[in-house]
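Inspection log for the structure reproduced underneath, given as structure tokens.
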Amino acid sequence: MSWLPKSPKARRRLWVVVAVAPILALAVGLSLWAMQDSVTFFYSPSEATVDKAPEGRNIRLGGLVEAGSVQKSG
């Protein structure tokens, strides 16, 4: 008993999926690898002070807040 479908249409569809899946996986992998340095969600305070953050752009600064240091106004 074969694991291949008996229908020619289903067999052709299976081969298309088998051929396209590795190509798609390779494209996604290469895209993620190329973007690994440019995808930064936030910069730490030490990174921002040693010029690792881009100049002239808004950035997100991450860090811990000391208890009692934030006050609401209004």
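Annotations
- Residue exposure proxy: 3, 33, ordered by other Cβ atoms within 10 angstrom of their Cβ from fewest to most, comes out as 3, 33.
- Segments 14-25, 56-67 sorted - mean Cβ within 10 Å per residue, highest first: 14-25, 56-67
- Taking 49, 40 and counting other C-beta atoms within 10 Å, the order from fewest to most: 49, 40
- Residue order, fewest to most surrounding Cβ atoms within 10 angstrom, among 72, 52, 6: 72, 6, 52
- Other-chain or far-sequence residues with amide H under 5 Å of residue 43's (modelled H): 60, 61, 62
- Semi-axes of the equivalent ellipsoid of the chain are 52, 18, 10 Å, computed as sqrt(5λ) over the eigenvalues of the C-alpha gyration tensor in descending order.
- The sum of -39500 (n - 2.57) across all DSSP H runs of n ≥ 4, divided by the residue count of the chain, sets its helix-only mean residue ellipticity at 222 nm to -14500 deg cm²/dmol.
Every number in this text was worked out from the coordinates using simple rules, so none of it is lab data. These numbers were taken from a predicted model, which means no experiment stands behind them. Ideal geometry is used to build each Cβ from the backbone, glycine not excepted, and the neighbour counts take in all protein chains shown.
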